[in-house]
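Trainee: Sending over a structure as structure tokens; questions will come in a sec.
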């Protein structure tokens, strides 16, 4: 059964991650179209994913959501409004500190349709509205032009490059790091 809705964007709805979401969340570490862009080099079983949900996703310092497609759902306010179609995940770690570490992923069939930007903006709004953090940090591998472009389009500033930081699918790749401050987001 899907978790309750926490917040909504223009095209996506965020709901809590529940144990039943383990198979869906598992795609982030098994589907090469997703996992390589995240730098996930190890597969996880469903049991390992369920353990992950219980440990890091449910920790006090983490805000993690399943992002759902509004277009495929019942109209808002409809009795079946809680029936959602998961399309990705948004994760903000260290929300109990000064800087949040942001990560997100989207099913490949939803790439290039505007869902990624709405998911990221909805999540960033949620973090700044609900946590007393000064800024958000995110990273993307050098080959992930879509994610790097999204971060830059949302006002993130490139602050570092970790050269050959991860061995992925037979080669080493640089990780590019970005920051966004609360005041910069508010000015947009």
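Trainee: For the stretch 116-169, give me each residue that is over 21 Å from residue 88 (Cα atoms), modelled with pLDDT of 95 or more and in a strand (DSSP E or B).
Mentor: Matches in the stretch 116-169: 135, 157, 158, 159, 160, 161, 162, 163, 164.
Trainee: Applying the selection to the stretch 132-150, what residues are within 22 Å of residue 15 (Cα to Cα) and either touching a strand residue (DSSP E or B) at 6+ places or on another chain (Cβ under 7 Å) or surrounded by 17 or more Cβ atoms within 10 Å (Cβ to Cβ) (or both)?
Mentor: The answer is 133, 136, 138.
Trainee: Moving to a separate point now. Is it the case, given these coordinates, that residue 173 is farther than 21 Å from residue 119 by Cβ, touching a residue at least 12 places away in the same chain (Cβ under 8 Å), crowded, with 17+ Cβ neighbours inside 10 Å and in contact with a strand residue (DSSP E or B) (Cβ under 7 Å, 6 or more places away or on another chain)?
Mentor: Spelling it out, residue 173 is indeed farther than 21 Å from residue 119 by Cβ, touching a residue at least 12 places away in the same chain (Cβ under 8 Å), crowded, with 17+ Cβ neighbours inside 10 Å and in contact with a strand residue (DSSP E or B) (Cβ under 7 Å, 6 or more places away or on another chain).
Trainee: Sticking with this one: Being touching a helix residue (DSSP H, G or I) at 6+ places or on another chain (Cβ under 9 Å), part of a loop (DSSP other than H, G, I, E, B) and either modelled with pLDDT under 95 or at positive phi (or both) is the filter here, so list the residues in the stretch 82-115 that pass it.
Mentor: Correct list: 107, 111, 112.
Trainee: Residue check: is residue 121 closer than 22 Å to residue 12 by Cα, within 12 Å of the chain's Cα centre (by Cα) and surrounded by fewer than 19 Cβ atoms within 10 Å (Cβ to Cβ)?
Mentor: Against the criterion (closer than 22 Å to residue 12 by Cα, within 12 Å of the chain's Cα centre (by Cα) and surrounded by fewer than 19 Cβ atoms within 10 Å (Cβ to Cβ)), residue 121 qualifies.
The values are calculated or read from the model by the stated rules, or taken from the named source; none is laboratory data. In this text the structure is predicted, and so the values were computed from the model without any measurement. Glycine gets a Cβ as well: all are built from the backbone with ideal geometry, and neighbour counts include every protein chain shown.
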